[in-house]
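A quick write-up on the structure given underneath.
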Amino acid sequence: MTLLSATEIAVHAGAQRLVDPVSLALNPGEPLVILGETGSGKSLLAQAIMGTLPESLRATGQVRIGKHELRAGDRAAFRGLWGRQIAVLPQEPWLSLDPLMRAAPQVTEAHRLVAGRPAPEARLQAGADLAALGLEGAAARYPHQLSGGMAQRVAIAAARAGGAPIVVADEPTKGLDATRRDDVAALLLGALASGGGLMVITHDLALARRIGGRVIVLRDGAVVESGATAEVFARPTAAYTRDLIAADPENWPARAPQPDTTKAVLQVEDLAVSRGGHVLVEGLSLTLGAGRILGITGPSGCGKSSLGDALLGLVPPAQGQVHRAAGLAPTAFQKLYQDPVAAFPRTRTLGQTLRDVARLHRAPWDRIDTLLARLRLDPVLLTRRPGAVSGGELQRLALLRAMLARPRFLFADEPTSRLDPITQREVIGLLSDLTRTDGLAIALVSHDPVLIARTADDRRSLPMAHPAAVPLAEVQPVPA
Amino acid sequence: MRTAILSRPQPMGRIIGAAILAVIAGFALLGPVLVPGDPFAQSLMKSLAGPDAAAPFGHDHLGRSLFHRLAYALRLSPLIALAAVATAASAGLVLGMLAALRGGWTERVLVILADALLALPGLLMVLIVLAIMPGTATGFWAGLSLVLWVEFFRLTRATARATLASPAVQAAKLLGFGWSYIFRTHLWPEIAPLMLTAAAFGTATAIMAIAALGFVSVGMRAPTPELGLMMVELLPYWREAPMALLTPVIATFALLLGLTLLAGGHKP
Amino acid sequence: MNILLSRLVQAATVAVLVGAATFAMMRNLPGDAAWRIAAGRYGYDNVNAAAAEAVRSELGLGGHWFPAFLQWMGNLFRLDFGVSLVSGQPVIHEIAHQLGASLWLALAAVGLSLLIGPPLGIIAGLRPGGLFDRALLVVSTALKAVPQFLMALILILLLSVQLGWLPAAGYGQPRHFILPALALALGLAAVNARITRDAMASVAAQPFYAFAQWKGLSRTQVLWRHGLRNVSVPLLTYLGLQFVLLVEGVVVIESIVGWPGIGHALVHAVFARDVPMVQGTALLLGLGFVLVNALIDLLAARIDPRGVQ
């Protein structure tokens, strides 16, 4: 018997339809994955089924949860089911815990107020839940004292305390390092053990593969393909699904090897980088030749960005030396940022900004047009401001801006971590092309070791830094 | 989504505020031109008399034209307030930029000074400066500038610090842009809207201070037409001539409401 | 620890500023300052040229300003404020007398404003953009445009002169409190309500607020357990900054209704150029701000552990 079934669920914003009618069913013991890129409507679909859509949107269709029959548009009817029938796991668990309440009471309150246990029993049960997830030490901590993984486990314990058999997880890997993916998958699959149901909404192909079960692929609010996850991944029928799977770094072809004999652009000897008095990187020596890509991996807070500042000469190294090749202008060393919106002046159009750069570097008048074509960008984008352009386009415009300065070295700091897989592949491909055509040397930072393995000529992995060296601003995702 | 959550300056409110201020400015500047008259001319015969052609708003207890006294009062305190705000904004902008750019002891000393001034009630500072400076109007200008620059300084410093640390400014520096370009394209567009809001609030604060001190008889001296002073002079005649007292009350409220609406949002 | 240190620095700077300002005021006293100060100490009947000369040399009024300034600041930091030039009483005694009356008025005003503002702000913040929210915006904007002295004037005209419900001035009975406290509280509440409304709206839009409901808690449970605590921190911080506004209001309102408090005394002292009294009261008000904010820092750090490591 199905735990949950949804019939002809659609989502509208006023007269505009954001999600076309979709029907789905969730069976005990068999996970369901809803896979799609940003803007595919996957989260809206899930929210419509759970009754958590924002008030400005309207859902239609029927939902059956256990014995309850509901109209998707009847928001109030879902309220009583939250925590009791459906456990909703939020995106970004860090932001989902009350910042002013310790971890244990956030679980205890659900046991007491939702499941109706007496206070002492609720406390004992919450302690047992946390211990079962390996969180004995975390009970008395505040959320800001928890790591991302710990916060996620606390959120899972809190969401499930009400005794709901169905778990719905929306982008459970968002804001977490890729290395945590397997832990997350194992945790979620644990929810199935006692005959419960699991629905996972994600853009992360590797997570989808690990979850297994059945998959629904969404694009632009419509179902592209559905079936058993293993089958869809092995033999995708829709062209979009094929592109999506091909865009997974796992499936990228390896980069053609570059000669290691080129002239060095950057030489680093025994470099140490520190921030706030804590040493983040020590004893780093390397040589980066023209046309080569150096891949740098490591967990959040390991000092990747600080290393970039040292390589670019923005901060003096704590120890050791950074040599730039003789005769290069200071502006031959450029950077790509993780969040391209923050890297452009907010109030100017992109065209104004790019023309300023072109004028400063005395680039010929058609250089912007040439680069637009090479980076496959529409000139109409130049009339817009940074906030009104998609992430992938803006990152390519940032690359264009850097190219106007005729760089020899580019520090690319997680340039694709906020992009969808297909766009990510495109941007990384462009970077790789530029090393061949323009002899650009790139230091590419990523948290994804597979991406680095497929892209880089040289690899460095930075160890986890001392926890105290991680500034809160970097660890805690900023509310969007 | 965020725009709905925070009470952002609503363009509608700002337009209404600007309109109210335009009407008041028009009255203060053009009123005495259209109906010539002397705000100081007394005529005990006309004490508390109603409106006539030469005095459209009636007369006060000394028989002076309320129309002309109000028009001059609406020139006096806004003028002092604007002068003080202009001084305070320039000083705050320069010192705030200096603190954000230089850092170190320059910044520390300025922040300590600003924090200490923040702890002292503005009215008190204005009162003390009034006691030191020779003229009342210059005393108000100096005292209010001394009180108001702190707000501009804090805004400029906080915004400049955040902007200077942003990836956008780092990218501009890497691309080889100089400080003047960075100020024009990155810093000023962030600071300017905040300065406008702070200037509107600052003007309102200054006008309130002048009126409040006038009302408790330690500000402008009689027979100067000033809003607070007019109210306290007319208060004893409330029963005989309520409209005479309400004239400066309504004008003060309208002036401050216009400035509050123009500022939009609330004081940070 | 760091917070308290910076508050100490702030307190010391406040003292220096007050000392410098009152020193400048003393040097600019009209007429023979030494004579006036001597008169303040010994009474106008007992003052003579010798006494004035003694004061002149003690305060260095005749000589270069710099040693006199050091002398002045030295007295200030020893908390030796001297005697009032008007009453001849030690400043400390005068202030101790008046402080109580002002404190009660201030507390009554803050208490009343907290009863009015935050509850309305929470109701508005739970439905941002709703009818109640927009109505509250209009009312609070209008109230903010009414300065405290004008509010007092309007309340006097309305409640005492027209309706005769309350005395316009006076001190000593509970009913004397209502009018001045209300005049102060309405302005404070207008801003309190906006601050609470913004804090509530932003808390209610946080993911943790939604998640608490998804856990199965009811709206009321979420508001009490997760909403109010998170709203209290910005409100508390704001109340500390509002202290200056409160003090300014107290100064003006006390002068209007003849309340025998520190604000009334301050205005009189400035009017009479009673420099020692100005210094004493100004220092008290400045240090009061620092003390209140230091206490609020500590309280906020207890509620919100994120700021302190």
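The values are calculated or read from the model by the stated rules, or taken from the named source; none is laboratory data. Worth saying up front: this structure is predicted, and the values here are computed from it rather than measured. All Cβ positions, even for glycine, are placed from backbone atoms using ideal geometry, and neighbour counts span all protein chains on display. For the accessible areas, the whole protein counts, side chains as well, though only heavy atoms, and no ligand, DNA or RNA atoms are used. Shrake-Rupley method; radii C 1.70, N 1.55, O 1.52, S 1.80 Å.
When peptides C:266-274, A:83-91, A:2-10 are sorted by average Cβ neighbour count within 10 Å, with the highest value leading, the order is A:83-91, C:266-274, A:2-10.
Just name one of B:Gly104, A:Gly313, A:Ala122: the one whose Cα is farthest towards the positive end of the charge dipole of the protein assembly as shown (beta-carbon charges, Lys/Arg +1, Asp/Glu -1). It is A:Gly313.
The trypsin sites (Lys or Arg not before Pro) of segment A:269-366 that meet both conditions, a loop assignment by DSSP and at most 15 other Cβ atoms within 10 Å of the site Cβ, are A:Arg362. Interface between chains C and B: roughly 4100 Å² of accessible area buried, both sides summed (probe 1.4 Å, protein heavy atoms only).
Across the options B:Ala198, B:Gly50, B:Leu257, the greatest Cα extent toward the positive end of the charge dipole of chain B (unit charges at beta carbon of Lys, Arg, Asp, Glu) belongs to B:Ala198. Taking the solvent-accessible surface of protein heavy atoms with a 1.4 Å probe, what is the per residue accessible area of chain A in Å²? In whole numbers, chain A has 41 Å² accessible per residue. Helix content alone sets the calculated 222 nm mean residue ellipticity of chain C: runs of n ≥ 4 DSSP H residues at -39500 (n - 2.57) each, divided across all residues, give -25000 deg cm²/dmol. Pairwise Cα separations in chain A fall into 10 Å bins from 0 onward with the following percentages, short to long: 4, 17, 26, 25, 17, 9, 2, 0.
Look at the stretch B:175-186: the mean tally of other chain Cβ atoms within 10 Å of its residues' Cβ atoms is 4.
Heavy atoms of chains B and A lose about 1500 Å² of accessible surface on contact, summed over both sides with a 1.4 Å probe.
The relative contact order of segment B:63-264, computed from alpha carbon pairs under 8 Å that lie at least 6 residues apart in sequence, is 26 percent. Plainly put, segment B:63-264 has a radius of gyration that is 1.10 times its Kirkwood radius, both from alpha-carbon atoms, as the Rg/Rh ratio. The share of accessible area on segment B:63-264 that comes from carbon and sulfur is 71 percent, using a 1.4 angstrom probe. Over chain A, Cα pairs under 8 Å with separation of 6+ residues give a relative contact order of 16 percent. Only helical runs count toward this figure. For chain B, summing -39,500 (n - 2.57) over DSSP H runs of n ≥ 4 and dividing by all residues gives -24000 deg cm²/dmol at 222 nm. Across peptide A:345-354, the average count of Cβ atoms from other chains found within 10 Å of a residue's Cβ is 4. Rounded to the nearest 20 debye, the dipole magnitude of segment A:184-231 is 120 debye, with +1 charges on Lys and Arg beta carbons, -1 on Asp and Glu beta carbons, and the Cα centre as origin. Cross-link pairs exceeding 24 Å between alpha carbons, from the set A:Lys67/A:Lys174; A:Lys304/A:Lys335; A:Lys263/B:Lys173: A:Lys67/A:Lys174; A:Lys263/B:Lys173.
The local environment of A:Ile9, defined by Cβ-Cβ distances under 15 Å, has a net charge of +2 under the rule Lys, Arg +1 and Asp, Glu -1. Computed from the alpha carbon positions, the gyration tensor of chain C leads to an equivalent ellipsoid with semi-axes of 45, 25, 13 Å, biggest first. Against the main long axis of the alpha-carbon atoms of chain B, helix B:104-119 sits at an angle near 30°. Cα centroids of segment B:201-268 and segment B:127-181: 28 Å apart.
When peptides B:128-138, C:239-249, B:42-52 are sorted by average Cβ neighbour count within 10 Å, with the highest value leading, the order is C:239-249, B:128-138, B:42-52. Placing unit charges on the Cβ atoms of the charged side chains and taking the dipole of segment A:5-115 about its Cα centre, the candidate lying farthest along the positive direction among A:Pro99, A:Leu113, A:Ala87 is A:Leu113.
Of all DSSP-defined beta bridges confined to the protein assembly as shown, some 55% are antiparallel rather than parallel.
Peptide B:257-264 has a mean shielding of 3, counted as Cβ atoms of other protein chains within 10 Å of each residue's Cβ. Computed over chain A, the per-residue total of -39500 (n - 2.57) for DSSP H runs of n ≥ 4 gives a 222 nm mean residue ellipticity of -9500 deg cm²/dmol, rounded to 500. A Cβ-based charge dipole, computed about the Cα centre of the protein assembly as shown with Lys and Arg at +1 and Asp and Glu at -1, lands at about 980 debye. The residues of segment B:63-264 have, on average, 35 Å² of accessible surface per residue, using a 1.4 Å probe with all protein chains present. A straight line joining the Cα centroids of segment C:99-167 and segment A:226-273 runs 64 Å. In chain A, the DSSP beta bridges split such that about 50 percent are antiparallel, to the nearest 5. With Cα atoms defining each centre, segment B:92-123 and segment A:49-101 are spaced 49 Å apart in the structure.
Given +1 at the Cβ of Lys and Arg, -1 at the Cβ of Asp and Glu and no other charges, the dipole of segment B:66-214 around its Cα centre is 180 debye to the nearest 20. The packing ranking of peptides C:156-163, B:158-165, highest mean first, is B:158-165, C:156-163, where packing means the average number of other beta carbon atoms within 10 angstrom of each residue. Relative contact order of segment A:1-142: 19 percent, from C-alpha pairs under 8 Å at least 6 residues apart in sequence.
In plain terms, the bigger the Kirkwood radius, the slower the diffusion; for the protein assembly as shown, with that radius from Cα pairs, at 4 °C and 1.567 mPa s, Stokes-Einstein puts D at 39 µm²/s. Axis of helix A:181-190 versus longest Cα principal axis of chain A: the two differ by about 10°, to the nearest ten degrees. The contact between chain A and chain C removes approximately 2400 Å² from the accessible area (both sides summed; 1.4 Å probe; ligands, DNA and RNA excluded). Relative to the dominant Cα principal axis of chain C, helix C:91-126 is inclined by about 20°.
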